[in-house]
Amino acid sequence: MSIFDKIRGEFIDIIEWLDDSNDTMVYRFERHNNEIKYGAKLTVRESQQAVFVEEGQYADVFNPGMYTLETQNLPILSTLKGWKYGFNSPFKAEVYFVNTKRFTDLKWGTMNPIMMRDPDFGMVRVRAFGSYVMRVVDAKKFLSEVVGTNWEFTTDQISDQIRNNIVSAFSKAVAEMKMPVLDLYSMYQDMGTILTNHCKPILAEMGIELINLLIENVSVPPEVEQAIDTRSKMGAVGDLQKYMQFQAADAMVKGAENPGGAGAMVGQMMAGMMMGQTVGQTMAQQPMTPPPLPTAKTFHVAVNGQQQGPYDMAGLQALASQGGLRQDTLVWSAGMANWIAAKEVAELAPLFANVPPPIPPQS
């Protein structure tokens, strides 16, 4: 072995990245002056890709495996450096390791409430939270579009951008679906699918694949939650009138158990309210009919010593016109103590207004 082979062997490098974190997406291999020796060993582990960069230009990409860096496995870098006939001296280049594993349980959520129009509650502020899974599928595109020259890149550095895309898609989906707030809780899976389909093309432009997006919770302000709870209670109660009657009766029982205290007063008040409601309902249910017409007053008439009648006013009028009823004719009606002359009864005075007096006897 020549001295040059011995020196060359002593300078063989091993290029690798042992990831001991759970959130590192890209790591730039650190080397003194970026010098890589001829015949260096490159180790790319599972769920990794290694990308060589020469003066800002992305060159060769290596998938999982072990490589000896020579001209034949660095075709793009050889072209960039002009190695037509191979190389046997150190060279400068940057090596980026890209983590291609799935990054799971990444969180997203609305920083500010989203306004939506609800048919039941009007304008409502809605917040949403969930998780998603992603991975890098195009190392060159991810480095050029997202990472740039960062020597280390973690999920935290891109989570805000992905979250903004998801929140924007969520706002659009809620507006398009026009779904009431009460129905959102039963549509988590469908809405998650809609959001995934909307965000996938956006993340693909950055070399990222969005694998799964979940909606874990959609929340509304406390006052809307209280209104929803109240509506649920009303639905559980059913007949509100019967429920009120039951409550009143229960209060009466509890009041009777404590006759000397405030419970008795409460029970009496509740009983009074219940009776008032019952009477009011009874009166409201009864048909409104007028009272019967008053009975017309009638009179008995004494004619030739015989009692005739009773006559109502129409019958008396006819009798007066025929001469059968005169002012001195005795009459009687219910409530009168004795028979009296017709002229002394005020009700009968109109009967004689147009009746001529009897013809005086001729002498």
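Structure notes:
- Tabulated pairs, the stretch 49-68, first farther than 20 Å from Val136 by Cβ and of a type in the set (D, E, K, R), second outside any strand (DSSP E or B) and modelled with pLDDT under 90, C-beta under 8 angstrom, 6+ apart or interchain: Glu54/Leu77; Glu54/Leu80; Glu54/Lys81; Glu54/Ala93; Glu55/Leu80
- Complete set of residues in the stretch 329-343 that are surrounded by 13 or more Cβ atoms within 10 Å (Cβ to Cβ) and farther than 12 Å from Val301 by Cα: Lys343
- Applying the criterion of being surrounded by fewer than 20 Cβ atoms within 10 Å (Cβ to Cβ) and touching a residue at least 60 places away in the same chain (Cβ under 8 Å) to the residues of the stretch 96-112, the residue that is farthest from Phe52 (Cα to Cα) is Thr110.
- Which listed residue, of Ile215, Ile194, is crowded, with 17+ Cβ neighbours inside 10 Å, in a helix (DSSP H, G or I) and in contact (Cβ under 8 Å) with a residue 24 or more places away in the chain: Ile194
- From Met123, Met134, residue being among the hydrophobic types (A, V, I, L, M, F, W, C) and over 30 Å from Met66 (Cα atoms): Met123
Residue-wise test of (1) at pLDDT 80 or above; (2) among the polar types (S, T, N, Q).
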residue: Ile7; (1), (2): no, no
residue: Ile14; (1), (2): yes, no
residue: Trp17; (1), (2): yes, no
residue: Asp23; (1), (2): yes, no
residue: Val26; (1), (2): yes, no
residue: Asn33; (1), (2): no, yes
residue: Ile36; (1), (2): yes, no
residue: Gln49; (1), (2): yes, yes
residue: Tyr58; (1), (2): yes, no
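Here is a yes/no grid of residues against (1) within 30 Å of Glu216 (Cα to Cα); (2) more than 33 Å from the chain's Cα centre (by Cα); (3) assigned to a strand (DSSP E or B):
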| residue | (1), (2), (3) |
| --- | --- |
| Ile76 | no, yes, no |
| Trp108 | yes, no, yes |
| Ala128 | yes, no, yes |
| Ser131 | yes, no, yes |
| Val146 | yes, yes, no |
| Asn165 | yes, no, no |
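- Residues satisfying the stated conditions in the stretch 142-154, i.e. out of contact with any helix residue (DSSP H, G or I) (no Cβ under 9 Å at 6 or more places or on another chain) and in contact (Cβ under 8 Å) with a residue 60 or more places away in the chain: Phe142, Leu143, Ser144, Glu145, Trp151, Glu152, Thr154
- Residue satisfying condition, being more than 19 Å from Leu143 (Cα to Cα) and not in a loop (DSSP other than H, G, I, E, B), within set Leu42, Leu18: Leu42
- Qualifying residue in the stretch 65-75 (condition: outside the structural domain of Asn212 (by TED's automatic domain parsing) and acidic (Asp, Glu)): yes
- Count of the stretch 173-188 residues, restricted to those that are in a helix (DSSP H, G or I) and either in contact (Cβ under 8 Å) with a residue 12 or more places away in the chain or buried (at least 16 other Cβ atoms within 10 Å of the Cβ) (or both), is 8.
- The stretch 128-172, residues that are in contact with a Lys or Arg (Cβ under 6 Å, 6 or more places away or on another chain) and either surrounded by fewer than 16 Cβ atoms within 10 Å (Cβ to Cβ) or farther than 26 Å from Val53 by Cβ (or both): Ser131, Val133, Trp151
- Condition met for Ile166 (closer than 15 Å to Leu106 by Cβ, at pLDDT 85 or above and either in contact with a Leu (Cβ under 6 Å, 6 or more places away or on another chain) or not charged (D, E, K, R) (or both)): yes
The values are calculated or read from the model by the stated rules, or taken from the named source; none is laboratory data. Bear in mind that the values here come from a model prediction, so they are computed numbers and not experimental data. Methodologically, a virtual Cβ is constructed for each residue, glycine included, from the backbone with ideal geometry; neighbour enumeration extends over all protein chains shown.
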